[in-house]
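The values are calculated or read from the model by the stated rules, or taken from the named source; none is laboratory data. As the structure is a prediction and not an experimental result, all values here were calculated from the model. Counting neighbours? That spans all protein chains shown, and the Cβs are built from the backbone with ideal geometry, glycine included.
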């Protein structure tokens, strides 16, 4: 059985660059989008959470502090070969514990329409109206910690 490890990685580290590749493959390329260097530079102060099996990165997400009480989860990506194996659920729960540990009271996120059910199962609630982001329908969702 393969052991899955979840940990934070440093911005601009080799592991971070691998998360950029994974996010590009899963979230950007299918939409014909690419990361700009300006977009990536803004991730300097974010928290980068990554799932590994051995040295292979199989999932990642970013936590971006909004204010002292609120943090935004974004760029959740799981390698195609591991989708449906609870990696995303495990990473979200890890992120919630991480946020609580550092005093955050709420996580918000912009969920693509196809992911709303996933987040609802994890007790996230839709707030506000549907909107378009990167050409796709999204919902703002939140969870109080």
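Going by the conditions given, is residue 52 within 17 Å of residue 8 (Cβ to Cβ) and part of a helix (DSSP H, G or I)?
Working: within 17 Å of residue 8 (Cβ to Cβ): yes; part of a helix (DSSP H, G or I): no.
The answer is no for residue 52.
On inspection, residue 40 does not qualify as part of a strand (DSSP E or B) and either modelled with pLDDT under 95 or closer than 26 Å to residue 142 by Cβ (or both). All told, residue 15 meets the bar of being touching a residue at least 40 places away in the same chain (Cβ under 8 Å), assigned to a helix (DSSP H, G or I) and over 23 Å from residue 114 (Cβ atoms). Could you check residue 103 against (1) in contact with a helix residue (DSSP H, G or I) (Cβ under 7 Å, 6 or more places away or on another chain); (2) modelled with pLDDT of 95 or more and say which number it fails? Checking residue 103 against (1) in contact with a helix residue (DSSP H, G or I) (Cβ under 7 Å, 6 or more places away or on another chain); (2) modelled with pLDDT of 95 or more, the one that fails is (1).
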